[in-house]
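Participant: Have a look at this one.
The values are calculated or read from the model by the stated rules, or taken from the named source; none is laboratory data. Since we're looking at a predicted model, the values are computed, not measured. For neighbour counting, all protein chains shown are included, and Cβ atoms are generated from backbone atoms with ideal geometry for every residue, glycine included.
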Amino acid sequence: MFANSGNILFVSDDRQVLSRLRQMFVSDYNVFTASSIKEAHKILTEYDIHVVLVRQMMPAMSGLQFCESVSHDFPNLTNIILCDTDDTEPLEQAYKNEKIFRYIREAFSDTELKMAVDNAFKLHKVKFEKQQLSAKISEYQEEQKNILDLFRRYVPSEVVSQALKTNKEDMMKPGESRVVSVLFADIRNFTMKTAPLPPSEVVEFLNDYWDVVTASIKKNKGSVNKYMGDGLLAVFGAPVSYIDNHDNAVSAALDMIESLDIINQKYADKLGSKINIGIGINSGEVIVGNVGTNDFMEYTVIGNTVNIASRLETISKGKPNSILISKRTYELVKDSFQTTEQKIAKPTENETIPYYEILGPKPNNVFPIESKTNI
């Protein structure tokens, strides 16, 4: 914009004055002249004018009025007023309010005027560069916001917030031990149900499904640690902990199953039947932290607590929309939820897992009951 010279507009009803001003500045700037207010306004609309020097006493309106009139459409103009009267109080006030750059009494010297014009262009250039910088900052902030929004779709918001407050060295420090509830969930017969659909519709279905079940997890103060095809791992108690982490995990599971109605209303016909899920929940100590390299890190949970939750989800395949909890979780939530009696599963020959099935929130003074369906 200022690579060669700036554009200046001189406004005066005295053509001799205009001629003189042109001669003074034509070697340094692109000079435009106007002998009337209307002509000046027309030039402003047709050219990118940077500085305006206008005579205060013009026939149609004062120079100050002109500056006020064009400020709405041309807010970036830098204005100088030539004054040939002693009534300078309005101009002084306009200068203090930064409505004009300055005013000059008409008994000015050429040096004084040139200094004023040069300084006006310097000011305008600074304002222009400030606007450019501000636009770049806004663009950068918008870009960073978009990146963070995208990041939060893949990483729990709590982890993002924590990462932004942590320096690079601390991000790679050893993890910490926490007592949490871990929730695994999986869609039953997902591959078979979605086989007839084109890939785009499979992805659309999964996105809608994740939106719904993830909302249930967030509502109950949990965070999705990772998506695994049609399954997910959610954690209650890390990276942010609440007093009722374990109750929250079970409440989230119940909400997830209830929310399936939304998905089934939209997709049951396409899939040929309603979808069902299975959920396993275990509670206990895990190691949590950022694992990976300087190029890629993942916030993760590690430990046998996680493995058992995964096995419980697998065990739940025998019954649609079932929620199985470990004995440890049962001890933590038994006052809040109604369950079956304890059952025993044998995932392998040398392994037994005690578990309970969640039947719903527990009214007062209701004891565990035997489920009619064994898994």
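Participant: Within the stretch 192-205, can one find any residue that is under 24 Å from the mean Cα position of the chain (by Cα) and part of a helix (DSSP H, G or I)?
Facilitator: yes
Participant: Cβ-Cβ under 9 Å, sequence separation 6+ or interchain: first residue in the stretch 311-333 and among the aromatic types (Phe, Trp, Tyr), partner surrounded by fewer than 21 Cβ atoms within 10 Å (Cβ to Cβ) and part of a strand (DSSP E or B). Which pairs?
Facilitator: Final answer for the pair search is 330/354.
Participant: If you don't mind, there's one more thing I want to ask. Looking at (1) within 21 Å of residue 6 (Cα to Cα); (2) not in a helix (DSSP H, G or I), which is the only condition residue 86 fails?
Facilitator: Condition not satisfied by residue 86: (1).
Participant: Enumerate the pairs (first residue in the stretch 82-103 and charged (D, E, K, R); second residue anywhere and assigned to a loop (DSSP other than H, G, I, E, B) and modelled with pLDDT of 90 or more) with beta-carbon separation below 8 Å, excluding pairs fewer than 6 apart on the same chain, so at least 6 apart or on different chains.
Facilitator: Taking only residues 6 or more apart or on different chains, the pairs are 84/56; 99/71.
Participant: Filter the stretch 73-129 for residues that are within 47 Å of the chain's Cα centre (by Cα) and of a type in the set (Gly, Ala, Ser); which is nearest to residue 48 (Cα to Cα)?
Facilitator: Across the stretch 73-129, the extreme among qualifying residues is 120.
Participant: Scan the stretch 202-224 and give yes if some residue there is in contact with a His (Cβ under 9 Å, 6 or more places away or on another chain) and either at pLDDT 90 or above or crowded, with 20+ Cβ neighbours inside 10 Å (or both), otherwise no.
Facilitator: Checking the stretch 202-224: not a single residue is in contact with a His (Cβ under 9 Å, 6 or more places away or on another chain) and either at pLDDT 90 or above or crowded, with 20+ Cβ neighbours inside 10 Å (or both).
Participant: Something else about it: Within the stretch 279-301, is there a residue that is modelled with pLDDT of 95 or more and in contact with a His (Cβ under 8 Å, 6 or more places away or on another chain)?
Facilitator: Yes, the stretch 279-301 contains a residue that is modelled with pLDDT of 95 or more and in contact with a His (Cβ under 8 Å, 6 or more places away or on another chain).
Participant: Out of the residues in the stretch 1-26 meeting the condition of being surrounded by fewer than 16 Cβ atoms within 10 Å (Cβ to Cβ) and touching a residue at least 40 places away in the same chain (Cβ under 8 Å), tell me which one is farthest from residue 82 (Cα to Cα).
Facilitator: Among residues in the stretch 1-26 that are surrounded by fewer than 16 Cβ atoms within 10 Å (Cβ to Cβ) and touching a residue at least 40 places away in the same chain (Cβ under 8 Å), the one farthest from residue 82 (Cα to Cα) is 1.
Participant: I'd like to check which strands (runs of 3 or more DSSP E) are fully inside the stretch 251-352 and have at least 1 residues that are under 30 Å from residue 195 (Cβ atoms).
Facilitator: Filter on the stretch 251-352 gives 277-292, 322-326, 343-348.
Participant: Give the residue that is surrounded by the most Cβ atoms within 10 Å (Cβ to Cβ), with candidates limited to residues of the stretch 317-351 that are modelled with pLDDT of 90 or more and of a type in the set (Ser, Thr, Tyr).
Facilitator: 329
Participant: Return the pair list, or none, for Cβ contacts closer than 6 Å from residues in the stretch 27-55 that are small (Gly, Ala, Ser) to residues that are assigned to a strand (DSSP E or B) and surrounded by 16 or more Cβ atoms within 10 Å (Cβ to Cβ), at least 6 apart or on different chains.
Facilitator: Sorted first by the residue in the stretch 27-55, then by its partner, the pairs are 34/11; 40/11; 40/34.
Participant: Quick check on my filter: what residues within the stretch 89-104 are surrounded by 20 or more Cβ atoms within 10 Å (Cβ to Cβ) and assigned to a loop (DSSP other than H, G, I, E, B)?
Facilitator: Scanning the stretch 89-104 gives 100, 101.
Participant: Does the stretch 58-69 include one or more residues that are touching a Leu at 6+ places or on another chain (Cβ under 8 Å), of a type in the set (Phe, Trp, Tyr), in the same structural domain as residue 120 (by TED's automatic domain parsing) and within 25 Å of residue 109 (Cβ to Cβ)?
Facilitator: no
Participant: Follow-up question, since we're still on this one. Looking at (1) loosely packed, with under 10 Cβ neighbours inside 10 Å; (2) among the aliphatic types (A, V, I, L, M); (3) in contact with a helix residue (DSSP H, G or I) (Cβ under 7 Å, 6 or more places away or on another chain), which is the only condition residue 107 fails?
Facilitator: (3)
Participant: Kindly list the number of the only condition in (1) modelled with pLDDT of 95 or more; (2) closer than 15 Å to residue 6 by Cβ; (3) over 47 Å from the mean Cα position of the chain (by Cα) that fails for residue 39.
Facilitator: (2)
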